[in-house]
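First the structure, in the form of structure tokens, and then the observations on it.
The values are calculated or read from the model by the stated rules, or taken from the named source; none is laboratory data. Only a predicted model underlies this, so the values are computations on that prediction, with no experimental measurement involved. Every residue, glycine as well, gets a Cβ built from its backbone with ideal geometry; the counts of neighbours run over all protein chains shown. Note: accessible area is taken over every heavy atom of the protein model, side chains too, but ligands, DNA and RNA are not part of it. Shrake-Rupley method; radii C 1.70, N 1.55, O 1.52, S 1.80 Å.
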Amino acid sequence: ATGSLFRGTPDAGQVILSLLNALEPVGRAFMVLDRHGILQPAAVLSQHEPELVRGLLGADVLEPLGTCIGLAGKAKDGVPALHVKVLDGPEAGRDITINAGTIHVLPVGAGQPVTLELRPLGRLSLGLRPGEGVRAEHLQGGSVGIVLDARPRPLVLPTAPTGKTW
């Protein structure tokens, strides 16, 4: 995420929620925040000095927000949608069931990789066949953590009540 909208947002959770709503990722996505506005000039500089840009971006100038896991498909809100088993890291040993229509955050900081067993329930998927589980290794946390998004894809916005304007 880059741009003045994101740089000026004090809460990293608001940034990641905006990205989740806009991108609707399915499967695994690692998200970072460009708080210093470095990506646009780096893109121009990369045309002439690619090694310099590689070094610059490797110097922790981007804030890791965390890994997001998004489900594809629709399920009724409140129905179990994703079973998660935490195999290692700070939350090791936890078994979590995430309900459809919700977002769950595992508090995993940057530099604390974890391994999860993920199994979507019903007709939901992680971008594979519906119901097919996966072992996700080396998931990186960040200032937000690991975000498990069990909201329907595509996201559906509420409609305006009849006869009223927004």
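A compact table of results
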quantity: Conditions (1) of a type in the set (A, V, I, L, M, F, W, C); (2) open to solvent by 60 Å² or more (accessible area, probe 1.4 Å); (3) touching a residue at least 12 places away in the same chain (Cβ under 8 Å); number of the one not met by L45; calculated: (3)
quantity: Qualifying residue in the range 106-119 (condition: touching a Ser or Thr at 6+ places or on another chain (Cβ under 6 Å) and open to solvent by less than 50 Å² (accessible area, probe 1.4 Å)); calculated: no
quantity: Residue under evaluation K74, criteria (1) surrounded by fewer than 20 Cβ atoms within 10 Å (Cβ to Cβ); (2) touching a Pro at 6+ places or on another chain (Cβ under 8 Å); (3) free of Cβ contacts under 8 Å to residues at least 60 places away in the same chain, criterion not met; calculated: (3)
quantity: Tally, over the range 127-143, of residues that are open to solvent by 30 Å² or more (accessible area, probe 1.4 Å) and among the hydrophobic types (A, V, I, L, M, F, W, C); calculated: 2
quantity: Residue in the range 77-105 that is least open to solvent (accessible area, probe 1.4 Å), counting only those that are of a type in the set (G, A, S) and in a loop (DSSP other than H, G, I, E, B); calculated: A100
quantity: Failed item in (1) surrounded by 15 or more Cβ atoms within 10 Å (Cβ to Cβ); (2) without any contact (Cβ under 8 Å) to a residue 12 or more places away in the chain, with I69 passing the rest; calculated: (2)
quantity: Residue list for the range 18-42, filter: within 18 Å of S143 (Cα to Cα), of a type outside the set (D, E, K, R) and open to solvent by 70 Å² or more (accessible area, probe 1.4 Å); calculated: F30, H36
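To keep it simple, each residue is scored yes or no on (1) farther than 15 Å from P90 by Cα; (2) in a strand (DSSP E or B).
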position: G109; (1), (2): no, no
position: Q112; (1), (2): no, no
position: T115; (1), (2): no, yes
position: L118; (1), (2): yes, yes
position: L128; (1), (2): yes, no
position: G131; (1), (2): yes, no
position: R135; (1), (2): yes, yes
position: H138; (1), (2): no, yes
position: G141; (1), (2): no, no
